[in-house]
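J.: So that we are looking at the same thing, I have put the structure below in C-alpha cells.
The values are calculated or read from the model by the stated rules, or taken from the named source; none is laboratory data. Just so we're clear, the structure is a prediction, and the values are computed from it rather than from any experiment. Positions of Cβ are generated from backbone atoms using ideal geometry, with glycine treated the same way; all protein chains shown enter the neighbour counts. Accessible surface areas use protein heavy atoms only, side chains included; no ligands, DNA or RNA. Shrake-Rupley method; radii C 1.70, N 1.55, O 1.52, S 1.80 Å.
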Amino acid sequence: MQLPSKKQWAQVFKTLNKKEKISLFVFLGLFFFSLFSLSIILYAQNTEIQPGIGGAYAEGMVGRPRFINPLYSQSSDVDRSLAEIIFSGLMQYDEQGKIVTDLADNIEIKNDGRIYEVYLKNNLSWHDGERLTVDDVIFTVKTIQNSDYKSPLRGNYLGVEVEKIDENGVRFKLKEGYSGFLERLTFKILPKHIWENISPQNFLLTNYNLKPVGSGPYRFKNLEQDASGKITSINLVRFGKTNIAEVAFKFFDTEEDLIEAAKAKKINGFSISNPERYGLFSNKKMREYSLSLPRYFTVFLNPDKSRFLSDVKIRKALNLGVNKKNIVENILMNRAEIVDSPILPEIFGFSLPSKIYEFNLEDAEKLLGESGFIKKDTGQWIKTEKGETVEFKTDLREGSQGSEVTKLQTCLARDKEVYSSGKISGYFGAETKTAVIKFQEKYAKDILEPQGFKEGTGLVSKSTRTKLNEICSIAPKETALKFILTTVEDPTLKKVAENLKEQWGKLGIEIVIQSYSISQIEQEIIKPRNYEMLLFGEVLEIIPDPYPFWHSSQIKDPGLNLARYENKSADKLLESARTSQNFEDRAKKYQQFQEILIKDAPAVFLYSPDYIYYIAEKIKGVGVQIIADPSKRLSNIENWHIKTKRVWK
C-alpha cells in the first residue's frame, strides 16, 4: 500500500471546510499528546529513580579540628566526625547500628572467640593512590598498642596479638574470648607509608593531622582559615562510590553562631544540644532526625561517702521518688526514652525487667519510715541518733592493754591528724603513744599548760583523761536526710539536677547541688570517687558490655563502676556473658544481671537522650536510626544524595 504524497495531503485540506479542518487538528493534537503521554508512562514504568552524582553538602559543628587522626580523635566530636568519613575500618556500622564489613571481605571467628581472622577486599587503595594492605592494618594496631604514642585507644587492644596470614589476611589472637571484639575491629586504619617514619614525639605535630590521607568515602581537598589563623572550614571531595560530590565541615565557636549560620542557610546539616532550641527549625525546610544512642544518664549513689546510701531501703525510696516522665517531657522535650535498666533492653532487644521503680511517693515514704526516719511537721525526714558517754577511769601508758586502750585508740582514730593509721589493737604501743602526744599538744591549753608542761608526755593521766572524756563522748543528735548531688556544668544536666532537687524535696529529702566543668569532674570528683550522688552519663557499645560499669573489680579508677556496686552473683554473670559468642546466651545472662541490679538499687536510672540531627530536605537517603556515637550519624553518607537520575530497569 502506498501512502499519500505531500501534494495529495495538501489537496485533502483544500476539500475540508473550516469546521472539518478544526476537528482534524484537534484529533491530530489529541493523537500526538496521547502518544507523548504514553511514551512518558512507558518510560516511567520501565525505569527507576536512582541517586545521581553531584551537589554539595555543608555540615556545621561547634569546635575546631585538631587531630583528624583516628588514634587521637576520640575526645573531640569534630575530629571524630571528620575521621569517620576520611578513614575506613575493617568493620563499620550500618544504618541500624549493626556491625558489618567495611574494608574486610570476610571474617572468621575461631577457638571460642579467641581468634579473629580477617581477609581484606581486593584492590583497596588510599586517597593518594597507594595500595592499602594488611601491613597497614598491622601497623595501625601496633602503633595503638605502643605506649610511646599515648593513644586513648590503647586499653582496648592490650594483650591482643596481631599477625599476617598472607597478603590478604590478618589474624588477631586474644588471651580469652570476648564477645565485643568484633566491634573493636571498627578502628580506623592509618596509611603505613605515610606514618611509619614519623616519630612518636612528632605524631601529634605533623600536618597530616589536619591534612589527612585516608581510604574513606571522602578525601581531603583543602582547609580554610580566617585572619587569626583559626580553621573555618575543611573541604572534602568524593572518593569511590559516593553520590554527593563535595562535603564541607564549617566550624563555629558557639551553638548560637551555629544556629545563625543555619538560619542564613550557610549550612545544610547540624546538631544542637540544648533541648530548648529543638523547635527553631520546624518550618525552615530542615528535617529532624532523632537517632538512638546506647547511652543513659543516671544518679549514681556512693555508699562510701554517705552512710545513709548504704541502706537499700533509702536507695529504693530515692528511685520511687522520681517521676522520670516529668524530666523527659519538660526538660528533654520528649527527645529521650525513660531508662529503668543499665542494659537498655529497648535498643539491644533484651527482655524488659520484670520489676521497675514506678513513681510512688507513698511507697517511698513507707521505706524511709522503715529505715528509722521520722517525718517532721516541716516535711523533712529526721533520724535521732543516740549519744555515747565515754569515761576513762585509769591511767594508761606504753605497755598498757585491754578495753580502755581499745576505747582510747577508737577515739583517737577519729582525728586523722592525731592518729593517721587508726590502728585498733587494744595494746598501747609506740604508735599509740605518739598519737597521745599529738592529742595532748593539740589541746595543750587544757592538758599541758596547767601542769607546766610544754610538750606531750604520752601518759594518759587525770588532765588527759578529762579532755578525752569530753572529746570522745558523743551527744545525742538529730540528723536530717540530706545529700549532695554533683553533676557537670551543662545547661541540660543542671536543669535535670534542679528537677530532681524539687522532686526529692517533695518527698522530704534535702538536696544540695554542686556542678563542675567536665575536666574538674573527671579529675577531682570521679577519679577519687569524691561524691555522694553523681548525675552523669555512661555510653555502652553496640555489642553491649556492662562489665566496666558494674563489675566490682571496676570500683576504683580507672574503672567506671561509679556506684561502687558489689554483688558476687552479678559479677559472675558479667564475667560469663562477655566471653560468650552466642547472643541468646549473653541476653539471658544480662537479663538475669539486670534483675539483680535493679533489686539492689545502686543508682537511679533516668533517661536515654536521642541525638537530634537536622538536615536540609534536599538531602535524600539519610536512613540512619541507631548510632554507636555521634560521629556514626555519617555512617551511611555513601547513600546520601542531592541529585537523581532515571535508569532502565
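J.: For region 176-268, which trypsin sites (Lys or Arg not before Pro) are in a loop by DSSP, counting at most 16 other Cβ atoms within 10 Å?
T.: Of the trypsin sites (Lys or Arg not before Pro), the ones in loops of region 176-268 whose Cβ has at most 16 other Cβ atoms within 10 Å are LYS230, LYS241, LYS265, LYS266.
J.: In a solvent-free Debye calculation with one equal scatterer on each Cα, what is log10 I(q)/I(0) for region 532-611 at q = 0.16, 0.25 Å⁻¹, listed in the order of the q values?
T.: One equal scatterer on each Cα of region 532-611 leads to -0.62, -1.39.
J.: Nearest 10 degrees is fine. How inclined is helix 568-579 to the longest principal axis of the chain, computing both from alpha carbons?
T.: 30
J.: About its Cα centre, what dipole magnitude does the chain give when the only charges are +1 on Lys and Arg Cβ and -1 on Asp and Glu Cβ, stated in debye to the nearest 20?
T.: 2180
J.: Can you give me the P(r) profile for region 155-215? Cα pairs, bins 10 angstrom wide beginning at 0, each as a whole percent.
T.: Pairs per bin, as whole percents: 16, 38, 35, 11.
J.: OK, next. Would you mind giving the three semi-axes, in whole Å and largest first, of the ellipsoid equivalent to region 15-72 according to its Cα gyration tensor?
T.: 62, 15, 6
J.: Select from ILE347, SER310, ASN330 the residue farthest towards the positive end of the dipole of region 281-361; place +1 on Cβ of Lys and Arg, -1 on Cβ of Asp and Glu, and compute about the Cα centre.
T.: Working it through, the farthest residue towards the positive pole turns out to be ASN330.
J.: Please get the size of the charge dipole for region 11-159, origin at its Cα centre, with Cβ charges of +1 on Lys and Arg and -1 on Asp and Glu, quoted in debye to the nearest 20.
T.: 920
J.: Right, here's the next one. Quick check: the angle from helix 18-46's long axis to the longest principal axis of the chain, C-alpha only, nearest 10 degrees?
T.: 40
J.: Whole-Hz Karplus ³J(HN,Hα) for region 437-443, in order, using 6.51 cos²θ - 1.76 cosθ + 1.60 and θ = phi - 60°, x for Gly and Pro?
T.: The phi angles translate into 4, 4, 4, 4, 6, 5, 10 Hz.
J.: Okay, next question. With a cap of 14 neighbouring Cβ atoms within 10 Å, and only residues DSSP puts in a loop, list the GluC sites (Glu not before Pro) found in region 468-504.
T.: Passing sites in region 468-504 are GLU489.
J.: Give me Rg/Rg_expected for the chain, where Rg uses Cα atoms only and Rg_expected = 2.2 N^0.38 Å with N residues.
T.: Ratio of Rg to 2.2 N^0.38 Å for the chain: 1.36.
J.: Cα centroid distance between region 113-156 and region 292-335, in Å?
T.: 41
J.: Sticking with this one: With the full set of protein chains in place, find how many percent of the accessible area of region 428-482 is carbon and sulfur; take the probe as 1.4 Å.
T.: 51
J.: Dipole magnitude of region 481-640 about its Cα centre, charges +1 at Lys/Arg Cβ and -1 at Asp/Glu Cβ only, in debye to the nearest 20?
T.: In debye, rounded to 20, region 481-640 gives about 160.
J.: While we're on this one: Please list ARG307, ARG529, ARG114, ARG578 in order of solvent-accessible area, largest first, computed with a 1.4 Å probe with all protein chains present.
T.: So, going from the largest accessible area down, we get ARG307, ARG114, ARG578, ARG529.
J.: When the accessible area of region 139-238 is computed with all protein chains present and a 1.4 Å probe, what percentage of it is carbon and sulfur?
T.: After summing per-atom areas, the C and S share lands at 44 percent.
J.: In whole percent, and with a 1.4 Å probe on the protein chains, what portion of the accessible area of region 544-647 is carbon and sulfur?
T.: Solvent-exposed carbon and sulfur of region 544-647 make up 47 percent of the total.
J.: Another question, if that's okay. Per residue, what accessible area does the chain have, given a 1.4 Å probe and all protein chains present, in Å²?
T.: That works out to 51 Å² for each residue.
J.: Just to confirm the filter: which GluC sites (Glu not before Pro) across region 344-374 are DSSP coil and have at most 14 other Cβ within 10 angstrom of their Cβ?
T.: GLU358
J.: Here's a follow-up. Give the percent of DSSP beta bridges with both residues in the chain that are antiparallel, rounded to the nearest 5.
T.: In the chain, approximately 80 percent of DSSP beta bridges are antiparallel ones.
J.: Let me have the 222 nm mean residue ellipticity of the chain computed from DSSP H runs of 4+ only, each contributing -39500 (n - 2.57), with the sum over all residues rounded to the nearest 500.
T.: Helix contribution divided over all residues of the chain: -9000 deg cm²/dmol.
J.: Write down, largest first, the equivalent ellipsoid semi-axes of region 425-470 in whole Å, where each equals the square root of 5 times an eigenvalue of the alpha-carbon gyration tensor.
T.: They are 18, 11, 8 Å, listed largest first.
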